[in-house]
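Bear in mind that the values in this text are calculations on the coordinates, not laboratory data. None of the values given here were measured: they were computed from a predicted structure. A quick note on method: Cβ atoms are made from the backbone with ideal geometry, for glycine too, and the neighbour counts reach across all protein chains shown.
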There are 2 protein chains.
Amino acid sequence: MSGPADNGPVEQPGDDHSHGQSDAVRLRLDVSYDGGGFSGWAVQPGRRTVQGTLEAALGVALQIPPPRLTVAGRTDAGVHARGQVSHLDVPAAAAETLEPAVLVRRLARLLPDDVRVRRALVVSTDFDARFAALARCYAYRICTDLAALDPIRRHDVLAWPRPLDVSVMNAAAALLVGEHDFVAFCRQRPGAGTVREVLELCWTADGDRLCCRVVADAFCHQMVRSVVGALVMVGQGGREPSWIQALLDSRSRDSAVRVLPPHGLTLEEVRYPPAPDWAARVATTRSARPMPSPG
Amino acid sequence: MSGPADNGPVEQPGDDHSHGQSDAVRLRLDVSYDGGGFSGWAVQPGRRTVQGTLEAALGVALQIPPPRLTVAGRTDAGVHARGQVSHLDVPAAAAETLEPAVLVRRLARLLPDDVRVRRALVVSTDFDARFAALARCYAYRICTDLAALDPIRRHDVLAWPRPLDVSVMNAAAALLVGEHDFVAFCRQRPGAGTVREVLELCWTADGDRLCCRVVADAFCHQMVRSVVGALVMVGQGGREPSWIQALLDSRSRDSAVRVLPPHGLTLEEVRYPPAPDWAARVATTRSARPMPSPG
């Protein structure tokens, strides 16, 4: 995998469409990681993944068999996260013996230093890290001066050797805000829709350091890196802003859209409604984007 | 080496006390690097060093034998720099064929991505990266929450697993501002003095992320990491602020002072007077801190 994939068709093991086991306690975990050393979030046999690393550490910390995590944004290999959110159900017996704050401290010592659990919270089983989310917020960082790229930040900032016109990129970005079929910008997966609502999409610049911030209800596979890649092509003068509209209108994947490398991308935040609205949000999300049956 | 060593006794090859060769052009280079992959600034046989890496690339870029660099702050293994400054003398024939901006672009392609030459400037031979400097500015970064340390920043922020009282550390830090004999905080080198003037020394905190910024005319070997280490011992309650005064008064190296790891330390900036004052500053610095003869 090579891009954010918040809404792929593969049923996650935690998504049993139940509201958790009756003797279980649901925990929300806020997670950050340097994606450089991981083959993405999702467990893959024989690969070092964020999910696999976390689940193994949780098993040790809670003294239970490794639990299954459900995640808000299944980031691809090399993509970072500062505000990833996941949840798991823990047998009540195991949860009762361990305060969430103690679990966080224990995980801080158990986990490698490229992945951190920043916070653990007991939540009601109405909460679902994936389906209760209102929006995911990503940032893509670029430095357009090869000589000026801070070496300390080279792992999360893309070096791009050409000037980019931020105002032109923002004019093009405005065309993508709102609900659209983003099929032109997605690596399609059978059974998964490609209609998404982009809530914010804006470039900011501090000298030669550029940041594209994009917020959407959810993202298709590789959507952020494709959207940013297309805007960069506009920003360097290779395409007119109207090309972005043409891509949207084409309703098909366009091989001219470049998927930018993963290391410039960071999942910064996942937004949820207040607790009383979790169940309704889960119901809305599930009905709007029906999942294929597992297996 | 394992700490900043701005004023060690070893004569640098570039320090021939002349004002450069008459047929040479002096270049000032502003350099940044991730110290993690280097055995410090200074060339050492068989080791990957910042100086060695830069000198090799400069030789290729200028099509001359690798030149010798003089540097403002000879950082130790693992210490980073965002605002390092060095100078070199280039044969006029080589300099004439290459604009500084072109040299910077060429170096950006030749150098590995953990070291960058951000800027090159032709300067008069009055300029000396080491002896014309008015002050060096370092930052030491600490996160006191093991769970909250941003994995992306783990290479330049020290994880410290105990709370630190910033106001107490600042009270202790104030005792160190001014001209003092810092022998208690220095790894001594024969022939090198240990009197330095600390111009600024202050901790700031943003939640659990702490930064100690220290500015001095120059630093002895390991001085920043020893000063920060002593302040951290005060900040976590192990010592009273008055212990800092006692260390200063003792006039001897104290093994109780912990030298913090190098990766939390970054050389942020080197300050110089305006060009007309370079020669006077060089004369003042040389007379104030006489260097032993080479060899």
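What is the sum of charges around A:Val122, taking Lys and Arg as +1, Asp and Glu as -1, for the other residues whose C-beta is under 14 Å from the C-beta of A:Val122?
Local net charge: -2.
Over its Cα atoms, what ratio of radius of gyration to 2.2 N^0.38 Å does the range A:223-285 give?
For the range A:223-285, the normalised Cα radius of gyration comes out at 1.57.
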Within chain A, the cysteines whose Cβ lies no closer than 4.7 Å to any other cysteine Cβ are A:Cys137, A:Cys143, A:Cys202, A:Cys211, A:Cys212
Counting only residues 5 or more apart in sequence or on a different chain, those whose built amide H sits under 5 Å from that of A:Ala159 are A:Cys143
Rounded to one decimal in nm, the spacing of the 7 Å Cα→Cβ label points at B:Val177 and A:Ser124 is 5.3
Taking alpha-carbon centroids only, the range A:103-168 lies from the range B:231-279 a number of Å equal to 33
Percent relative contact order for the range A:135-267, counting Cα pairs under 8 Å at least six residues apart, stands at 36
Per its Cα gyration tensor (rounded if a/c is under 1.5, else prolate when a/b beats b/c, else oblate), the protein assembly as shown is best filed as oblate
The set of residues whose placed amide H lies less than 5 Å from the amide H of B:Ala24, leaving out same-chain residues fewer than 5 positions away, is B:Ala92
Computed from the beta carbon distance with a Förster radius of 25 Å, FRET efficiency for A:Asp249 and A:Thr204 to the nearest 0.05 stands at 0.35
Per residue of A:152-158, other chain Cβ atoms within 10 Å number on average 5
For A:Arg286, placing the label point 7 angstrom along Cα-to-beta-carbon and taking the range A:113-136, residues whose amide nitrogen sits under 12 Å are A:126-128, A:131-132
Here the relative contact order (percent) of the range B:111-185, from C-alpha pairs under 8 Å and at least 6 apart, is 20
Over the Cα atoms of the range B:24-132 the radius of gyration and the largest Cα-Cα distance (Dmax), both in Å, equal 12.8, 36
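Average partner chain C-beta neighbours within 10 Å, per residue of B:214-225?
If you average over the peptide's residues, the count of other-chain Cβ atoms is 0.
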Expressed in nanometres to one decimal, the distance between label points 7 Å along Cα→Cβ at B:Leu110 and A:Glu197 is 5.5
Taking Cα pairs closer than 8 Å and at least 6 residues apart, the relative contact order of chain B in percent is 25
The helix A:278-288 Cα axis meets the longest alpha-carbon principal axis of chain A at an angle in degrees, between 0 and 90 and rounded to 10, of 50
Rounded to the nearest 10, the angle in degrees between the Cα long axis of helix B:50-62 and the longest principal axis of the Cα atoms of chain B comes to 20
In degrees, nearest 10, the alpha-carbon axis of helix B:223-235 is tilted away from the dominant principal axis of the alpha carbons of chain B by 20
Counting Lys and Arg as +1 and Asp and Glu as -1 over every other residue whose Cβ sits under 9 Å from the Cβ of A:Pro67, the net charge comes to -1
In the neighbourhood of B:Leu107 defined by beta carbon distances under 13 Å, the net charge of the other residues (Lys, Arg +1; Asp, Glu -1) is +1
Taking only C-alpha positions in chain A, Rg and Dmax in angstrom work out to 19.4, 61
